[in-house]
Amino acid sequence: MTRESDQATAVALVTSRLHDRFPLIQPAVIEQIVTEIYVGYDGCRLREFIPLLVERESRDRVGALPAPHVSSTHVITVEVAVRPSLQLAD
């Protein structure tokens with residue numbers, strides 16, 4: 001495999017994992033962030049830890065995104081537990 005195909009595979013994998021963790025963030029936004037971070041490591045000779053570093057930094061950046069990057073196609077369902085009424089003794 002070439003460095004480019006290894007990087008493309010790693011970007012897809014990290015993007016998928018982050019989208020699982022942050023399902024309201026558009027996948028294209030996550031992929032752009034992951035790709036930008038990978039590009040920042042292009043000149044590094046020691047490449048073994050780059051996927052881990054990229055995933056950590058990407059997770060931090062995706063987690064800090066403001067609301068406009070939230071996909072409007074997702075619906076959030078909130079379940080509320082209702083506490084039964086307490087009956088008071090007469």
Query - Residues (more than 14 Å from ILE50 (Cα to Cα) and among the small types (Gly, Ala, Ser)) located in the range 1-32 - result: SER5, ALA12, SER16, ALA28
Query raised in the report: What are the residues in the range 22-49 that are touching a residue at least 40 places away in the same chain (Cβ under 8 Å) and either part of a helix (DSSP H, G or I) or exposed (fewer than 11 other Cβ atoms within 10 Å of the Cβ) (or both), if any?
Result: VAL29
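Give ALA89, ALA81, ALA67 a once-over and let me know the one that is of a type in the set (A, V, I, L, M, F, W, C), modelled with pLDDT under 85 and within 15 Å of the chain's Cα centre (by Cα). Can you show your working first?
Numbers: ALA89 fails: within 15 Å of the chain's Cα centre (by Cα); ALA81 fails: within 15 Å of the chain's Cα centre (by Cα).
Just one listed residue meets the conditions, ALA67.
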Report summary line: Restricting attention to the range 10-21, the residues that are surrounded by 13 or more Cβ atoms within 10 Å (Cβ to Cβ) and either in contact (Cβ under 8 Å) with a residue 12 or more places away in the chain or of a type in the set (A, V, I, L, M) (or both) number exactly 7
Query raised in the report: Hey, does the range 14-36 have a residue that's over 21 Å from PRO66 (Cβ atoms) and more than 12 Å from the chain's Cα centre (by Cα)?
Result: no
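The values are calculated or read from the model by the stated rules, or taken from the named source; none is laboratory data. For clarity, every value in this text was computed on a predicted model and none was experimentally measured. As a convention, Cβ positions derive from the backbone with ideal geometry for all residues, glycine included, and neighbour counts pool all protein chains shown.
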